[in-house]
1. Rounded to two decimals, what is the ratio between the C-alpha radius of gyration of the stretch 4-97 and 2.2 N^0.38 Å?
2. What is the P(r) of the chain, as percent of Cα-Cα pairs per 20 Å bin from 0?
3. For the stretch 104-169, report the % of Cα-Cα distances exceeding 18 Å.
4. List the relative contact order of the chain as a percent without decimals, with contacts defined as Cα pairs under 8 Å and 6+ residues apart.
5. Report relative contact order for the stretch 280-344 in percent, whole number only (criteria: Cα-Cα under 8 Å, sequence separation at least 6).
6. Can you give the angle from 0 to 90° between the axis of helix 458-472 and the longest principal axis of the chain, with both taken from C-alpha atoms, to the nearest 10?
7. Helix-only mean residue ellipticity at 222 nm, the chain, DSSP H runs n ≥ 4 weighted -39,500 (n - 2.57), per residue, nearest 500. What is it?
8. So if the hydrodynamic radius of the stretch 301-355 is defined as the Kirkwood radius over C-alpha pairs, what does Stokes-Einstein give as its diffusion coefficient at 37 °C and 0.692 mPa s, in µm² per second?
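Read-outs: derived from the displayed coordinates by stated rules, not from any lab. A quick note: this is a predicted structure, and the numbers were derived from the prediction, not measured. Every residue, glycine among them, receives a Cβ derived from its backbone with ideal geometry; neighbour counts consider all protein chains shown.
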Ligand SMILES: Cc1cc2nc3c(=O)[nH]c(=O)nc-3n(C[C@H](O)[C@H](O)[C@H](O)COP(=O)(O)OP(=O)(O)OC[C@H]3O[C@@H](n4cnc5c(N)ncnc54)[C@H](O)[C@@H]3O)c2cc1C
């Protein structure tokens, strides 16, 4: 077995991992950092792949309204209060206070943020009071990944790609190493006293998701296995996305007010929203894209979810106006918002013609973007949509140094939790990876200066090899792919837009049974085995957390029955977060 030695092991290759590795090296240049990532470095994970019409990086800068030395407090308040007051306020404070530094670091690395008169341009995103979203365009995250990767390579740190860490090793002093496996099923070990976990979210536990390959919740499962609690796992950002292209149908896609139709052209929203304000609700969905109990536009997600579960396909149709649409009857506020978005001032648009005319006026790039990917709205093609998982707001419970209850284990970015609440104002996730990535990297490097790796016992290396051999020899009736498909199908049905006590209990029972089954490993890779196992464990954590919260908050809409249209209300007794953990006695929720 190959054995690597390092002071700090960084697990992951996204924006958070790169920031952590860079921070460790820049703060203490003598630190031996090793980065291990699944996939190709710079190409795997959400940061390197995620795109939307305008991807946001939140920062409170000197010119960000309301201005003044205390402006960061409004930012912290948005994260905490709009988050439903179920996170740690001090972590929100850290995000807000460190946001300007995080932004300017990326700016210095050459991330091409849009600027006007030398100042970064900032716009207002979902769930914020002031415009804080800096951006480069649809590729903000990809631009951040590229700039960080250049810096990482410039610092000359070693890395190991196409390899996953599948087990952490802990002794009485805390972290003492980790075990990994390559895509060719070669096991390796790492001797280290400090680990930064930056493994991202777990969108792949849902059938309908917009995450890249490999987002199987490995970090959550690894932490749980060491007895570390996860927090806020029921809060998963879900939003309407194009099934074929994964484009989030936010902003202009809703402000153009398209028709929501099924495969036969039946317009179904009026069945769910009988009032006159139906078109205003669709318009406002543009600014409240993720599912949220606190925003009335969640009725649209419910309608789409119900139609799909009744066996229909759901499309956005931009070729005809919805029944009864009249642009001049939109509220004055919404018409003003529309005016603010106009991009093609030279054309005469009849706003009552059809949604396509409006989309052309406010976001012609979206039409071209979709055409480049095979969906031509101009010839009347429809955009099939689904409610898709996009971000995990919760994760490994961290404190202010990105630390966890195990000495030497730090977590940051999407795999960490406690910094965001139920709703996450758009743009704070990319920020989170930069702020806590830096904190984690520096703290891990600082620890490695005092506690040197003691080396993994040779017996534990042998044990891992024997374990791998035994796993490879497992034979049964269920295939790995069948296990994963089942988890994904159940999660998209029972732990998505509509959750009920019965649905969650049934899902939990089915997934627990899957967890007890040994898959047939004939011709299968161990790599795939660990990813599937981690998906199952993460799904159980989500289901248990969701079952404990018998109220609605953020993206967690809890119903008495799936026949209902109105979710149960938020309740004051649930204004706290749930932490979930397990040990030899089973799962615990506190
Ligand atoms: C479509 C979309 C749009 C988004 N829009 C925005 C936005 O506008 N603003 C915003 O702030 N956020 C947005 N987000 C969220 C944001 O992009 C992510 O939360 C963020 O990029 C996560 O960064 P990360 O470094 O923590 O994880 P990732 O970038 O996902 O990286 C995780 C890394 O860990 C590796 N890995 C996982 N498990 C292992 C293992 N066991 N061993 C080794 N390596 C492992 C993966 O291969 C990957 O390299 C969006 C997300 C999506 C999907």
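1. On the way: Rg = 17.1 Å, N = 94, 2.2 N^0.38 = 12.4 Å.
Normalised Rg, Cα atoms only: 1.38.
2. Cα pair-distance distribution for the chain, in percent: 21, 55, 23, 2.
3. Values: 1174 of 2145 pairs.
It works out to 55 percent of all Cα pairs.
4. Values: 1361 pairs, mean separation 130.8, N = 590.
It comes to 22 percent, rounded to a whole number.
5. Working: 23 pairs, mean separation 18.9, N = 65.
Relative CO of the stretch 280-344 lands at 29 percent.
6. Tilt relative to the chain: about 50 degrees.
7. Values: 18 runs with 210 residues, N = 590.
Roughly -11000 deg cm²/dmol at 222 nm, from the helical runs in the chain.
8. Working: Rh = 13.8 Å.
Calculated translational D: 238 µm²/s.
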